[in-house]
Structures are given as structure tokens and as C-alpha cells.
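What follows is a set of notes on a single structure, which appears directly below.
The values are calculated or read from the model by the stated rules, or taken from the named source; none is laboratory data. As the structure is a computational prediction, the values presented were derived from the model and not from experiment. Positions of Cβ are generated from backbone atoms using ideal geometry, with glycine treated the same way; all protein chains shown enter the neighbour counts.
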Amino acid sequence: MSVATGGSEPGAAGGGGGSRVFFQSPRGGGGGGSSREDAVSATAAAVQVQQQQQQQQQRRQQQGKVTVKYDRKELRKRLALEEWIVEQLGQLYGCEEEEMPDVEIDIDDLLDATNEEERAIKLQEVLVDCYKPTEEFIRELLTRIRGMRKLSPPQKKSI
């Protein structure tokens, strides 16, 4: 008896997720193998399927852990700040986000600066093409990032 495994794609036999195991008769047509060998093959196939399912579950658990390693409160603050920046840039440039010139304000880059003056200079360089006054926007942005931390990539734990 031989074992063929189906793919884990949604369209695989049966339409469900996960791996499928199909048992096929030996090609010789004769009963050359004993029932004990058949039982061992069936058991080995069942163990293989179980191991695949455990590996898939471990992958799902590892994916879930990645979001936990970031500080969610810090992420929410960062998202709110980015939304505020987009809104303010829309007002400064007098247009919607899609029509806005390519302006990139890197919060982590600003946080890397040694002092507020250096941060203000970086912002002025980014906003050099803006025809409206940017001083109040820069002042407010510097106030909002005060006390924020740079987001570092999550640390991988060895399992």
C-alpha cells in the first residue's frame, strides 16, 4: 500500500483546509504485503498528518505572538499621530492625501535626532515646497512626539 498526500490548498479534494491522506492499492494487484505492513503504513501516515497539523498550529501561534511583542499602546499613539500628520499636511498643501506631493515624515528619524532644534530643521527640510507657513505645524508635531519612543522591530525568541 502506498500513501499520497493532498495539498492543503482550499481547492484540494474535499474542499476543506488541512492535508488529506489517500490510500492507494499497490500497483502489482497482488496481495504481496501482509496486513501488518498495511497497518504500519497506515499508522505512519496518520502520524505524519498529525505532525503536519501540529506544525501548522505552531505557525499560527507564532504569527499571533508577533503582534503581542509590540507595545500596543505605543502603536495606537503612533497611528493617531500619523493620521493627524496626514490631516495637517492636507491642510498645509490644500489638497487630499492622494493629490499631496511626496512628503515623507519619518517619526523614528525625528526621534533619533539629538534635540528639538535638529528635529525642527529636519521637518523644515521636508516641508520646503509648502507654500503655507509651517511653523505652527512643526511646533505642534514636536510637542506630540515628545516622550514617544522609537519603534524597534520585534525580537525573535528562539523556541
Given the structure, is residue 158 over 20 Å from residue 79 (Cβ atoms), at pLDDT below 85 and assigned to a loop (DSSP other than H, G, I, E, B)?
yes
Please work out if residue 85 is of a type in the set (A, V, I, L, M) and more than 27 Å from the chain's Cα centre (by Cα).
no
